[in-house]
Amino acid sequence: MTLSLLASACLLIVTLGYVSLCAGSPFGNCRKCKGFGFAMKTDRKGRPKRGKHCRRCDGHGKRIRVGRHLFNVAMRLHRDGTR
């Protein structure tokens with residue numbers, strides 16, 4: 001009984017933490033380019049240099065979080081349904 005209560009409390013804390021993260025910072029770093037906006041390449045001497053811009057984030061380095069995207073979809077659906 002107490003184990004399930006503890007697990008429910010942990011799940012609630014994690015969920016509320018993610019909701020507050022999505023509300024406070026709706027954009028996160030792109031996972032493909034790690035927030036740079038472009039791929040890192042190395043030249044012949046092994047020095048890092050800028051590569052092509054990232055197609056996933058279109059060179060911005062930021063992408064909308066999944067939770068914020070779901071919130072935006074729900075709000076748009078609610079707004080369109082109540083007009």
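Each reported figure results from applying straightforward, stated rules to the coordinates on display, with no laboratory input. Everything numeric here is computed off the predicted structure, so don't read it as measured data. Glycine gets a Cβ as well: all are built from the backbone with ideal geometry, and neighbour counts include every protein chain shown.
How tilted is helix 2-24 with respect to the longest principal axis of the chain? Cα atoms for both, answer in degrees (0 to 90, nearest 10).
50
Given the -39500 (n - 2.57) contribution per DSSP H run of 4+ residues, what per-residue ellipticity at 222 nm results for the chain, rounded to the nearest 500 deg cm²/dmol?
Calculated from helices alone, the mean residue ellipticity at 222 nm is -16000 deg cm²/dmol.
Where does helix 66-81 land angle-wise versus the long Cα axis of the chain, in degrees 0 to 90, nearest 10?
60
How far apart, in nanometres, would the label points at Val14 and Thr82 be if each is projected 7 angstrom from Cα along the Cα-to-Cβ direction?
Taking the simple label geometry, Val14 and Thr82 are separated by 3.2 nm.
So, with +1 on the Cβ of K and R and -1 on the Cβ of D and E, and no other charges, what is the size of the charge dipole of the chain about its Cα centre, to the nearest 20 debye?
So the magnitude is around 860 debye.
Got the relative contact order for the chain handy, in percent, Cα pairs under 8 Å and 6 or more residues apart?
The normalised contact order for the chain reaches 27 percent.
What are the principal axis extents of the Cα atoms in the chain, in Å, biggest first?
Per principal axis, max minus min of the Cα coordinates gives 61, 45, 16 Å.
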